[in-house]
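Here's the structure, in structure tokens; my notes come after.
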Ligand code: PMP
């Protein structure tokens, strides 16, 4: 018998599947608000000017395509250390490992936790995910062999944080040694982030209960600004000795297809850091051996050059402010629609995503009637909107939602 004959089809990825449907939709005026990439006013995911300039430099100066070391480019790792940790943690207590994107970083970190930590003899370590969270978190953690559980996050209004439920869950559900996954900023899919006071309380509970912060930092610079977006993480690191931070440079450098990310591990001593680094490298070695050079070299080149760094900060700020202005335009546009729901809550949410509150039926109707593609949960990518077509979008949303 053929061993592959009995394999059943895996379900298609909900979000990437929508993009396929979008691409084959013949309507010229269609609009994709589903997939999580930034788009400029022309509807293009642009290559940043600082990236083009860095690539030119690399092309001129590159002398080898030899392998990188298992943990990646030293200059890149130094740049990540500075962006993510600043000077908050002594260098000998932070291990940085370059990884293929934020996804690769989460996967290496999950492999590390599954192999090095446990909830008792023969019991896998547990990781608690917010409800809801980026759908891939669950799959990555489970595939690594971790036990996955959840804590409350979004309120029943689907637009604000249910902070009491979150704290109550963190105080009662996990046990000492368990990990808690937190979105550092721009929570995907809701756009709902904790306030500084709430971060303080979360950090206290993590510290009191001996829980490991497992921080996903995929949107630094898309919320309130580069440093501001690290504020929650800073608060956490003031309160705990150990943490894992998985960062991604897909969004803030527009390097989606180059796969640039990193695992940053904070341990309590230099010795524990060195041992943890060696185990992280073992996870990389058996998985993909060593990371790709190009994207990380771009980031390192930009951040080693003050002019390119200034250019990057301007371009990042341009993306951030454009998302904010699209939020404002949409809210103002919907306010003019008689009988339309109030979308003001979108102004309090951060980053590219928001839960719009649109029902699955309304989402279906927008797709069928107008070619507007939104994820079934109602999550919209604000960056997929367009200034020039805002009235058209608001008319369409009003048509299905009023
Ligand atoms: N974490 C979150 C919360 C994300 O939204 C994403 C990207 N959609 C990632 C991680 C992964 O990023 P990357 O594309 O760099 O793998």
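Looking at residue 99, is it surrounded by fewer than 16 Cβ atoms within 10 Å (Cβ to Cβ) and within 12 Å of the ligand (Cβ to nearest atom)?
Taking the combined requirement at face value, the residue does not satisfy it.
Confirm whether residue 192 is buried (at least 24 other Cβ atoms within 10 Å of the Cβ) and either farther than 21 Å from residue 327 by Cα or away from the ligand (no atom under 16 Å from the Cβ) (or both).
For residue 192, the condition - buried (at least 24 other Cβ atoms within 10 Å of the Cβ) and either farther than 21 Å from residue 327 by Cα or away from the ligand (no atom under 16 Å from the Cβ) (or both) - is not met.
Restricting attention to the range 213-263, report how many residues are more than 13 Å from the ligand (Cβ to nearest atom), part of a strand (DSSP E or B) and under 15 Å from the mean Cα position of the chain (by Cα).
Selection size over the range 213-263: 1.
Evaluate the following for residue 123: is it away from the ligand (no atom under 13 Å from the Cβ) and modelled with pLDDT under 95?
yes
Being out of contact with any strand residue (DSSP E or B) (no Cβ under 7 Å at 6 or more places or on another chain) and either in a helix (DSSP H, G or I) or in contact (Cβ under 8 Å) with a residue 40 or more places away in the chain (or both) is the filter here, so list the residues in the range 187-197 that pass it.
Correct list: 187, 193, 196, 197.
Mind telling me which of the residues 340, 297, 304 ends up being over 30 Å from residue 50 (Cβ atoms) and more than 16 Å from the ligand (Cβ to nearest atom)?
Result: 340 is the single residue among 340, 297, 304 that is over 30 Å from residue 50 (Cβ atoms) and more than 16 Å from the ligand (Cβ to nearest atom).
Suppose we filter 255, 265 for residues that are over 25 Å from residue 204 (Cα atoms) and in contact with a helix residue (DSSP H, G or I) (Cβ under 6 Å, 6 or more places away or on another chain); which single one remains?
Sole residue among the options that is over 25 Å from residue 204 (Cα atoms) and in contact with a helix residue (DSSP H, G or I) (Cβ under 6 Å, 6 or more places away or on another chain): 255.
Being in contact with a helix residue (DSSP H, G or I) (Cβ under 6 Å, 6 or more places away or on another chain), part of a helix (DSSP H, G or I), within 16 Å of the ligand (Cβ to nearest atom) and within 24 Å of residue 293 (Cβ to Cβ), is that true of even one residue in the range 59-76?
The answer is yes, given that some residue of the range 59-76 is in contact with a helix residue (DSSP H, G or I) (Cβ under 6 Å, 6 or more places away or on another chain), part of a helix (DSSP H, G or I), within 16 Å of the ligand (Cβ to nearest atom) and within 24 Å of residue 293 (Cβ to Cβ).
With the structure loaded, tell me whether residue 397 is surrounded by 16 or more Cβ atoms within 10 Å (Cβ to Cβ) and in a helix (DSSP H, G or I) or whether it fails that test.
Yes, satisfied.
Please tell me if residue 164 is away from the ligand (no atom under 15 Å from the Cβ), assigned to a helix (DSSP H, G or I) and either loosely packed, with under 14 Cβ neighbours inside 10 Å or in contact (Cβ under 8 Å) with a residue 60 or more places away in the chain (or both).
yes
Could you check how many residues of the range 368-379 are assigned to a helix (DSSP H, G or I) and surrounded by fewer than 18 Cβ atoms within 10 Å (Cβ to Cβ)?
Of the residues in that region, 2 qualify.
Among the residues of the range 101-112, are any in a strand (DSSP E or B), touching a residue at least 60 places away in the same chain (Cβ under 8 Å), within 21 Å of the chain's Cα centre (by Cα) and farther than 30 Å from residue 163 by Cβ?
No, the range 101-112 has no match at all.
Output the qualifying pairs, or none if there are none: Cβ atoms under 6 angstrom, residues six or more apart or on different chains, first residue in the range 168-182 and at positive phi, second residue modelled with pLDDT under 95 and part of a helix (DSSP H, G or I).
From the range 168-182, no pairs qualify.
Does at least one position in the range 81-94 carry a residue that is within 23 Å of residue 136 (Cβ to Cβ) and surrounded by 17 or more Cβ atoms within 10 Å (Cβ to Cβ)?
Yes, the range 81-94 contains a residue that is within 23 Å of residue 136 (Cβ to Cβ) and surrounded by 17 or more Cβ atoms within 10 Å (Cβ to Cβ).
The values are calculated or read from the model by the stated rules, or taken from the named source; none is laboratory data. Here the structure is a predicted model, which is why all the values come from computation and not from measurement. FYI the Cβ positions are ideal-geometry reconstructions off the backbone, even for glycines, and counts take in every protein chain you see.
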